[in-house]
Amino acid sequence: MASLLLSNPVISSPFLGKHLSVNGSLRKSALCPLVFRSPRCAATDSTYGGNVPKYPRSNVWDPYKRLGITTDASEEEVWSSRNFLLDQYGAHERSAESIEAAFEKILMKSFQNRKKTKINLKTRLKKKVEESPPWIQNLLTFVELPEKIIILRRLFLFTFMAFWSVMNSAEGGPAFQVALSLFACIYFLNDKSKSIARASVIGFGSLVVGWICGSCVVPMIPAAILHPTWTLELLTSLVVYVFLFLGCTFLK
C-alpha cells in the first residue's frame with residue numbers, strides 16, 4: 001500500500017476542486033468545482049438590478065415632463081431639477097442618460113428661442129424705422145454703429161479726459177482738456193468722412209450742444225452731493241465730453 005502511494009502520489013487542492021498528480025496530469029474530483037463570478041458581471045448586475053433605483057419617467061417623450069418641470073421654467077430651475085434627479089438616479093446608467101438627454105434638449109430649445117427673439121427684435125426695430133416720419137428717417141441716415149473695439153477705445157479716451165479734468169479741478173479750469181477732446185473728435189470724424197469741413201461742423205456742434213445742455217442740467221443738481229472743488233465749468237465740461245464722444249463715434 002505504501003509503495004503504491006509513493007509510486008503515484010496525489011496532491012489534493014480544496015481551492016481548485018481537483019487532484020494534481022506528480023506527473024502533471026489532472027483528474028477531476030468528484031467534488032463540485034467552485035464557480036467564480038467576474039467582478040465586472042457583478043457590477044453590471046448591480047447597475048441594472050433591483051437594488052439601484054430606476055427613473056420611472058425615462059421613456060417620457062416630452063423633456064419638460066421627463067424632468068418634472070413646466071415649459072416656462074427658468075434656467076436655474078432646469079439645472080436644479082437635473083442635478084436633483086442625477087443625485088437620485090445617477091447610479092442607473094440608462095436613467096442618467098435619459099435625464100441628460102432631456103436636459104440637453106431643453107437647453108437647445110432655450111438657445112433657439114433666444115436667437116429667434118433677437119431676430120424678431122431687429123425686424124421690429126427695422127419696421128418701426130420704416131414706419132417713422134420722414135424727418136426721423138433723415139436723421140437716422142446720419143447715424144451708424146461702429147465696431148465694438150472702436151466704441152471702447154473712444155470711450156476710454158473721453159473717460160480719461162473727464163478723469164483728468166476732475167483730478168485737476170482744484171488747480172484750474174478744464175479748458176485744455178476740452179480743447180484736446182474737441183481736436184480728437186474732429187480727427188476721428190475726418191478719418192471717417194474724409195472731409196475736414198464736415199468733421200469741424202459736427203465737432204463744434206457737439207461741443208456747443210453739450211455745453212448748452214450742461215449749463216441747463218448742472219444747476220439742477222443739489223450742491224450737497226457735489227464735491228466742493230467741482231465748479232459749474234467742470235461739471236459742464238463733463239457733459240461736453242459725453243456729447244463729443246457720441247458725435248465722433250455714432251455720427252457719420
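The values are calculated or read from the model by the stated rules, or taken from the named source; none is laboratory data. Source: prediction; values computed, not measured. In this analysis, Cβ positions are derived from the backbone assuming ideal geometry, glycine residues included, and neighbour counts consider all displayed protein chains. Surface accessibility is based on the protein's heavy atoms, side chains included, excluding ligands, DNA and RNA. Shrake-Rupley method; radii C 1.70, N 1.55, O 1.52, S 1.80 Å.
Some points to look at:
- Per-residue packing, averaged as other Cβ atoms within 10 Å, sorts the ranges 210-223, 177-190, 155-168 into the order 177-190, 155-168, 210-223, beginning with the highest.
- Counting only protein heavy atoms and a probe of 1.4 Å, the accessible surface of region 56-119 is 53% carbon and sulfur.
- K105-F160 FRET efficiency (beta carbon distance; Förster radius 45 Å; 0.05 resolution): 0.40
- Measuring nothing but protein heavy atoms, the accessible surface of region 134-252 at 1.4 Å probe radius is 75 percent carbon and sulfur.
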